[in-house]
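Values in this text are rule-based calculations from the coordinates and carry no lab data. Quantities reported herein were computed from a predicted structural model and do not represent experimental measurements. Cβ placement follows ideal geometry from the backbone for every residue including glycine, while neighbour counts extend to all protein chains displayed.
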Amino acid sequence: MTKTRRMVTAELGNMDAVCEIIDARIPLSSRNPDIDELTAGKRRIVVLNRVDQADPDMTKKWAAYFRSLGYAVIEVDAKSGAGVKQFAPAVRALLKDKLDAYEAKGQVGRVLRVMVLGIPNVGKSTFINKVSGRKTAKAEDRPGVTRGKQWVPVDRTLELLDTPGILWPKFEDPEVGIRLAFTGAIKDDVVDIEELAMRLMDYLGRNYPRAIFERYKVTAEDGDDGWALLQKAARRRGFLISGGEVDTERMSRILLDEFRGGKLGRFTLETVPEEPS
Ligand code: G4P
């Protein structure tokens, strides 16, 4: 991470703007906690990615929130490519005064440079590939594996800097870890599946009860927490083990798989802060 930080700092002076890719389902937890400090003073564009998986109403609220912080924002499904066409115009609008100044000096056609940052698995490679038409396979991005920086042209006067190295999310906050695990950004083998599924069920039961009912035919009656809902869902599906006990582990895996696979619907797991922070 220190190496990545150093690289970001070293390159920043050559950049016109910084683009941060965020997972629209977890717009806070999918951010690197140092990014604001690292990129201080730079124009910023936020790509709310995975909007196909997020709650559309919440995505609008998050877009408004990031705009209120002074960022340009676009909403994207990088996998299908929906929304990526907004990128170049949004960057040019963000840098309009700069472009006007270039034009006044007769420097028409000067290339704009944008550094792209994002935590692992947020969809950074997919986004860059879609926005640029780049065909290359994803470069290795593991600790210990070095790769150079890559300039990726979007069009004749807009270039992206695909940053090597890894910017981690805020792992030290356990809530952040849980949300990243819900979405599958963290591997299941580092978390307790039943604990995770129970917490997800709890959140969905409180915030999206209809989706839970439609998929598992369970409702949260008075006092039903995530664990109770998980047990009910397991019973409904007939997941029993010897002695009439319900197989909550099996149900947990199914809930997480179906949630991540979009079978339950589109969800956003974080709400916009009351006051911009
Ligand atoms: P990274 O560079 O930030 O680490 O992430 P990457 O682009 O490799 O994307 C990680 C996974 O997320 C990929 O799936 C990719 O297809 C998927 N993805 C990226 N953006 C979106 C999006 O907007 N919507 C949806 N639904 N998925 C997205 P994968 O399973 O690893 O690969 P593949 O089977 O899709 O090729």
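Rounded to whole Å and ordered largest first, report the semi-axes of the equivalent ellipsoid of region 1-47 derived from its Cα gyration tensor (root of 5λ). Write down the numbers at each step before the final one.
Values: eigenvalues 75, 35, 12 Å².
Equivalent ellipsoid of region 1-47: 19, 13, 8 Å, largest first.
Please work out, to two decimal places, the log10 of the ratio I(q)/I(0) at q = 0.21 Å⁻¹ from a Debye calculation in which every Cα of region 35-179 carries one identical scatterer.
Debye curve over Cα of region 35-179, log10 I(q)/I(0) at q = 0.21 Å⁻¹: -1.59.
Can you find, among GLY262, ILE74, LEU161, the residue farthest towards the positive end of the dipole of the chain? Put +1 on the C-beta of Lys and Arg, -1 on that of Asp and Glu.
Positive-end residue among those listed: LEU161.
Quick one: net charge around GLY265, please, counting Lys, Arg +1 and Asp, Glu -1 for every other residue with C-beta under 13 Å from its C-beta.
On the way: positive: ARG25, ARG210, ARG215, ARG260, LYS263, ARG266; negative: ASP52, ASP55, ASP57, GLU214, GLU258.
Spelling it out: positives minus negatives among the neighbours equals +1.
Considering Cα pairs under 8 angstrom that are at least six residues apart, work out the relative contact order of the chain and quote it in whole percent.
On the way: 438 pairs, mean separation 55.9, N = 277.
Worked out over the chain, it gives 20 percent.
Go through PHE127, VAL152, ALA181 and say which Cα lies farthest out towards the positive end of the charge dipole of region 71-193; charges sit on Cβ, +1 for Lys and Arg, -1 for Asp and Glu.
VAL152
Please state the charge dipole magnitude for the chain, taken about the Cα centre, from unit charges on C-beta atoms (+1 on K and R, -1 on D and E), reported in debye and rounded to the nearest 20. List each step's numbers first, then the result.
Working: 46 positive and 42 negative charges, 290 e Å.
Magnitude of the dipole: close to 1400 debye.
Rounding to the nearest 20 debye, state how big the charge dipole of region 1-144 is about its Cα centre with +1 on each Lys and Arg Cβ and -1 on each Asp and Glu Cβ.
Working: 26 positive and 17 negative charges, 75 e Å.
For region 1-144, the charge dipole is close to 360 debye.
Would you calculate a helix-derived [θ] at 222 nm for the chain, using -39,500 (n - 2.57) for each DSSP H run of n ≥ 4 and dividing by the full residue count, to the nearest 500? If you can, show how the numbers build up before the last one.
Working: 11 runs with 111 residues, N = 277.
Computed mean residue ellipticity for the chain: -12000 deg cm²/dmol.
Taking 2.2 N^0.38 Å as the expected size of a compact globular protein, what ratio does the Cα radius of gyration of region 122-277 give against it, to two decimals? Can you show the working numbers first?
Details: Rg = 20.1 Å, N = 156, 2.2 N^0.38 = 15.0 Å.
So the Cα radius of gyration is 1.34 times the expected 2.2 N^0.38 Å.
Order of 193-200, 52-59, 33-40, 91-98 by packing, highest average Cβ count within 10 Å first?
On the way: 193-200: 19.8, 52-59: 18.0, 33-40: 14.2, 91-98: 15.8.
In descending order of packing, they fall as 193-200, 52-59, 91-98, 33-40.
If Lys and Arg each add +1 and Asp and Glu each add -1, what is the summed charge of the other residues whose beta carbon sits under 10 Å from the beta carbon of GLY123? Mind dumping the intermediate values first?
Values: positive: ARG50, LYS79, LYS124, LYS130; negative: ASP23, ASP77.
Net of charged neighbours comes to +2.
For region 88-136, what log10 I(q)/I(0) values come out of the Debye formula at q = 0.20, 0.22 1/Å, with one point per alpha carbon and no solvent?
-0.79, -0.86
Can you give the net charge of the other residues whose Cβ lies under 11 Å from the Cβ of ARG31, counting K and R as +1 and D and E as -1? Mind dumping the intermediate values first?
Working: positive: LYS170; negative: GLU20, ASP23, ASP34, ASP36, GLU270.
Result for the local shell: -4.
Against the 2.2 N^0.38 Å scaling, with N counting residues, where does the chain land? I'd like the Cα-based Rg ratio to two decimal places.
Details: Rg = 21.2 Å, N = 277, 2.2 N^0.38 = 18.6 Å.
Here the answer is 1.13, to two decimals.
What Rg and what Dmax come out for region 41-97 when only alpha-carbon atoms are used, in angstroms?
Expressed in Å, the Cα Rg and Dmax of region 41-97 come to 11.4, 35.
Can you tell me the equivalent ellipsoid semi-axes for region 1-100? Use √(5λ) from the Cα gyration tensor, largest first, whole Å.
Values: eigenvalues 102, 61, 30 Å².
So the three semi-axes of region 1-100 are 23, 17, 12 Å.
Run the Debye formula on the Cα coordinates of region 142-233, all scatterers equal and no solvent, and tell me log10 I(q)/I(0) at q = 0.10, 0.20, 0.22 1/Å.
Here log10 of I(q) over I(0) equals -0.47, -0.96, -1.08.
Using the crude model of +1 on Lys and Arg Cβ and -1 on Asp and Glu Cβ, and no other charge, please compute the dipole size for region 194-277 relative to its Cα centre, in debye to 20.
On the way: 14 positive and 16 negative charges, 120 e Å.
The dipole magnitude comes to about 580 debye.
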